[in-house]
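K.L.:
Take this structure first; my questions come after.
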Amino acid sequence: MTKKNVLDVKKRGVPVLTVILALVFMIFIPQFSSVQNANIIGIGRVPVAIFAMASLIPLAAGEFDISLGYMIGFLMMAGGKMASIGGTALGVVVVILGLSVILGAFNGIITVFFKIPSTISTLATGMIMYGGSLFLNGGRSFTGVTPDLLIWINQIKIVKLNIGIWICILLAVIVYLVLEHSPLGRYIYETGNARSVVELAGVNTKAVRFLSFVFAGILIGFCAVLLISQTRNVYPDTGPAYLLPGLAVTFLSITMHTPGRYNVPGVIWSTVLLGMVFNVISILGAPFWAEAVINGLVLLGVVIIMKQS
Amino acid sequence: MSVAVEKVSVSFSGTKVLKDVSLEIPDGKIWGILGANGSGKSTLIKVLTGIYHPDAGQETRIKIGDSICSDITDSGKAYEMGVRAVHQESPLIEDFTVAECVSAFHGYPKGRAGIDWNAVEEYAHEILSIYDIDVDINCMVRDLSAAQRNMIAIAIAIGREEDLKNVKLLILDESDASIPESEAEFFLDRVKKVAARGIPIIMITHRLKSVMKYCDAVTVLNDGKNIFSRNISEVSEEMIITHMLRQDEDGAERKSDEGGNLQGLWKLLKIKEHYEPGKCIMDVKNLACKNLKDCTFNLCSGEVLGIVGTADSGISEIPWLLAGARSRTGGEITVDGKKFPVRMTSGKALKRGVALLPSDRPKYGGIMECSLRENILMPAERRYWRHGKLAKQAVQMMQAVFDIQPADSYERKFGVMSGGNQQKAIMAKWMSLKPKVFVLDDPTYGVDPNSRKMLFERIKEAAEEGMGIIVFSTEPELLADICTRVIMIREGRVSGELRKKDGVLERETIARWSYL
């Protein structure tokens, strides 16, 4: 494959496949190509995309944060609690984002400064967070608590697209710029690849790894705010459902754009691809379990094809 | 029986690294193979273990026991022919017991209900007793001494009495390197017993004393050629050292300013530090850590200080301590009058102007998965991130000054570049910062002759500009070539100093210090 080849499978395989599929769906499935449908796809996939970006940052730094799914649940329940005791929209958002920084920092401290492998430390903190989300309302959900202002904001449309989609795009641009075009982003990738080399270059890799957990927490905070704004009810077990689909998108990202690296453009393309496919199978009336199966099959298929090429 | 190689040559990308090497090892003899880094020892071993393949030649022949061929096609064939190799890193699993390790390599004996653990223990007992290794088989591998590990690795490689007939050649590839001198005798006594069973043994080592005491014959490789093969009774240590010294290379001459010079690079990067020549910039007093006990020396601006010593002398700790990557247990390091705190990091050392080029390139030198640009600009990333044009210019200039090939490798993955080009890039990375003290640990390891020459030129040039340079190397000729002063570390202390006499350092003395 030469650099100029548009069909460079390793870099552009998934984007090209996404565009081709979009064209095919637009031609053969009339319901697919409406703005309303684009919003449906977007609203459903935005939390997954933000989750994927959150898990991507520690992974790029060589750490694996399993707690993020439980963190969504805990943050939403904390927001629900705040709202249930009469908190305003701003109060709910501040509580969620504030706690997200604290929880991210907690993961970072446990992993980096107590030198515990991240899979173990975040498994433990994840379970604690899950327990916390059950504790906040005795294992029950909060119903009808979300402040009206949040619901209203969530329904704003800019250029016909839901505001959630724009927030996701904005976050993606920020994460992309930080990771690819700032020294900190370089250090995150370099630390993930060869920590001992980066340490010799005078980089404080402990700080880099710690910050990767904090950034992941903040993104999960935005994810929780978006989710709580989408519905008036908050359930304690909402979060873990995002863990596997979100990670699937993160892992798909390393098969494109900059192959071998977790990257934001890869997350976006994978989200769009999977979102379209799930949308079409739902239009075609596929059973409820098909989405999970297809998610797994797409991940396996793409990775196998990339390995072979 | 016996082992013979005849007229074996190996080339990589047109460069011959092994040149018509012939060797014959009779049964039951221990044959020492010596040579500086890059002399072709590892290549020869890799040919015998089926990893590298000799160039096609009509007279090329490899004989292992009764089998004769012109190329051992893969490691499976080498094993089939009876070649067993034990490398520097013993193949044992840290969290397994000795008995488990033995079975992991020879297969677990099965009973009616899964693994027969009694048989596993009996098997391990049997193997260890053959070689007279007194180790508890239920002991965890991580609790063993280096000598015990290496002995067990040999026992695993050879196997039981009945496996012995299949072993036609045992290769010990620097497997004694990690064994402290006090335990080396225990190890080598056992090796001698293996030889007594009629197995020819090739021993690659840097320890001249061991060669003189335990080997029956010795071969010296130099620049890919077998330049000296004798029975041990006919040689002296001096003869071996003289033959190990690298001959003057006749590689292509390169004008020192062909691609620009360091001054030009520093000007582009706006680095204005000026170091006054002759001023003492680093003072090390009573430095201690692990094997290092009480090490005292200093370094002046513009000086190239060589430090030599055998592997067990504690020398390997010094580069890491000077560069702050490890914390010392005692003593003081002062740079420009400011003391290093006891708890050090590389970042703190860099801020004080000390940089390290480490010896293990894949592990500490470069990030193989990242690009040349990312590797080369890493320590000064903050300076370049908003100045893409300057970043590109800086990399291009460093490529020109250090002759990093190919010229268009700005975004090339570091891992696909040759060892020589990688080393030049790592050197460029640090030199571009103009550190006050630059510590080089084995800078020419796995580097081709032309790249060596270029690296030497840059080291000398940097010293002329006032940088203080400390070089650790196992190559006496390298130190004699570039150093202004050499000190020897023995048993954790500085025990000798050699200064230039009439502008010349005696390489024979440095060699003695390195190997004896």
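K.L.:
Which of the residues belonging to the range B:161-212 are hydrophobic (A, V, I, L, M, F, W, C) and more than 23 Å from residue B:67 (Cβ to Cβ)?
P.N.:
If the condition is that a residue be hydrophobic (A, V, I, L, M, F, W, C) and more than 23 Å from residue B:67 (Cβ to Cβ), then B:177, B:179, B:184, B:186, B:187, B:188, B:191, B:196, B:208, B:211, B:212 are the ones that fit.
K.L.:
Have a look at A:280, A:208, A:298 and point out the one that is within 14 Å of chain B (Cβ to nearest Cβ), touching a residue at least 40 places away in the same chain (Cβ under 8 Å) and either in a helix (DSSP H, G or I) or in contact with a helix residue (DSSP H, G or I) (Cβ under 8 Å, 6 or more places away or on another chain) (or both).
P.N.:
Within the list A:280, A:208, A:298, the selection yields A:208.
K.L.:
Answer yes or no as to whether residue A:196 is within 14 Å of another protein chain (Cβ to nearest Cβ), surrounded by fewer than 17 Cβ atoms within 10 Å (Cβ to Cβ) and out of contact with any Cys (no Cβ under 8 Å at 6 or more places or on another chain).
P.N.:
Criteria met by residue A:196.
K.L.:
Could you check, for the range B:390-406, whether at least one of its residues is among the β-branched types (Val, Ile, Thr), over 13 Å from residue A:201 (Cβ atoms) and within 11 Å of another protein chain (Cβ to nearest Cβ)?
P.N.:
no
K.L.:
Something else about it: So, in the range B:434-490, of the ones that are modelled with pLDDT of 90 or more and small (Gly, Ala, Ser), which residue ends up farthest from the chain's Cα centre (by Cα)?
P.N.:
Per the criteria, the residue is B:466.
K.L.:
Going through B:75, B:70 one at a time, which residue ends up being touching a Gly at 6+ places or on another chain (Cβ under 9 Å) and buried (at least 16 other Cβ atoms within 10 Å of the Cβ)?
P.N.:
B:70
K.L.:
Can you say whether residue B:416 is within 23 Å of the chain's Cα centre (by Cα), assigned by TED's automatic domain parsing to the domain that holds residue B:287, closer than 21 Å to residue B:320 by Cβ and modelled with pLDDT of 80 or more, as far as the supplied structure shows?
P.N.:
Criteria not met by residue B:416.
K.L.:
Please determine whether any residue of the range B:338-348 is more than 9 Å from chain A (Cβ to nearest Cβ) and among the aliphatic types (A, V, I, L, M).
P.N.:
Yes, some residue in the range B:338-348 is more than 9 Å from chain A (Cβ to nearest Cβ) and among the aliphatic types (A, V, I, L, M).
K.L.:
Please go through the range B:349-377 and pick out each residue that is basic (Lys, Arg) and more than 8 Å from chain A (Cβ to nearest Cβ).
P.N.:
B:352, B:361, B:373
K.L.:
Could I ask something else about it? Which residues, counting only those in the range A:246-268, are outside any loop (DSSP other than H, G, I, E, B) and either without any contact (Cβ under 8 Å) to a residue 60 or more places away in the chain or in contact with a Leu (Cβ under 8 Å, 6 or more places away or on another chain) (or both)?
P.N.:
A:246, A:248, A:249, A:250, A:251, A:252, A:253, A:264, A:266, A:267
K.L.:
Go through the range B:10-25 and count every residue that is within 16 Å of residue B:35 (Cβ to Cβ) and of a type outside the set (Val, Ile, Thr).
P.N.:
Count: 6.
K.L.:
Yes or no: the range B:307-321 includes at least one residue that is of a type in the set (A, V, I, L, M, F, W, C), within 14 Å of chain A (Cβ to nearest Cβ) and under 23 Å from the mean Cα position of the chain (by Cα).
P.N.:
Yes, the range B:307-321 contains a residue that is of a type in the set (A, V, I, L, M, F, W, C), within 14 Å of chain A (Cβ to nearest Cβ) and under 23 Å from the mean Cα position of the chain (by Cα).
K.L.:
Now, a different point. Just checking, how many residues over the range B:322-337 are part of a loop (DSSP other than H, G, I, E, B) and either facing chain A (nearest Cβ under 10 Å) or among the hydroxyl-bearing types (Ser, Thr, Tyr) (or both)?
P.N.:
Final tally of qualifying residues: 5.
K.L.:
Being within 14 Å of chain B (Cβ to nearest Cβ), among the β-branched types (Val, Ile, Thr) and in a helix (DSSP H, G or I) narrows it down to one of A:188, A:110, A:220, A:165, so name that one.
P.N.:
Among A:188, A:110, A:220, A:165, only A:188 is within 14 Å of chain B (Cβ to nearest Cβ), among the β-branched types (Val, Ile, Thr) and in a helix (DSSP H, G or I).
K.L.:
Collect the residues in the range A:115-131 that are among the hydroxyl-bearing types (Ser, Thr, Tyr) and touching a residue at least 40 places away in the same chain (Cβ under 8 Å), keeping them in residue-number order.
P.N.:
A:118, A:119, A:122, A:125, A:130
K.L.:
Mind listing just one residue for me: the one in the range B:459-468 that is out of contact with any Gly (no Cβ under 9 Å at 6 or more places or on another chain) and crowded, with 20+ Cβ neighbours inside 10 Å and, of those, nearest to residue B:360 (Cα to Cα)?
P.N.:
B:459
Matching residues to (1) without any contact (Cβ under 8 Å) to a residue 60 or more places away in the chain; (2) hydroxyl-bearing (Ser, Thr, Tyr); (3) in contact with a helix residue (DSSP H, G or I) (Cβ under 7 Å, 6 or more places away or on another chain):
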| site | (1), (2), (3) |
| --- | --- |
| A:138 | yes, no, no |
| A:141 | no, yes, no |
| A:144 | no, no, no |
| A:152 | yes, no, no |
| A:159 | yes, no, no |
| A:165 | no, no, yes |
| A:170 | yes, no, no |
| A:173 | yes, no, no |
| A:176 | no, yes, yes |
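K.L.:
With A:235, A:242, A:262 as the choices, which residue is within 14 Å of chain B (Cβ to nearest Cβ) and closer than 30 Å to residue A:128 by Cβ?
P.N.:
The unique qualifying residue is A:262.
K.L.:
Something else about it: Does residue A:202 fit the bill of being within 14 Å of another protein chain (Cβ to nearest Cβ), outside any helix (DSSP H, G or I) and not polar (S, T, N, Q)?
P.N.:
Spelling it out, residue A:202 is indeed within 14 Å of another protein chain (Cβ to nearest Cβ), outside any helix (DSSP H, G or I) and not polar (S, T, N, Q).
The values are calculated or read from the model by the stated rules, or taken from the named source; none is laboratory data. These numbers were taken from a predicted model, which means no experiment stands behind them. Note that each Cβ is placed from the backbone with ideal geometry, even for glycine, and that neighbours are counted across all protein chains shown.
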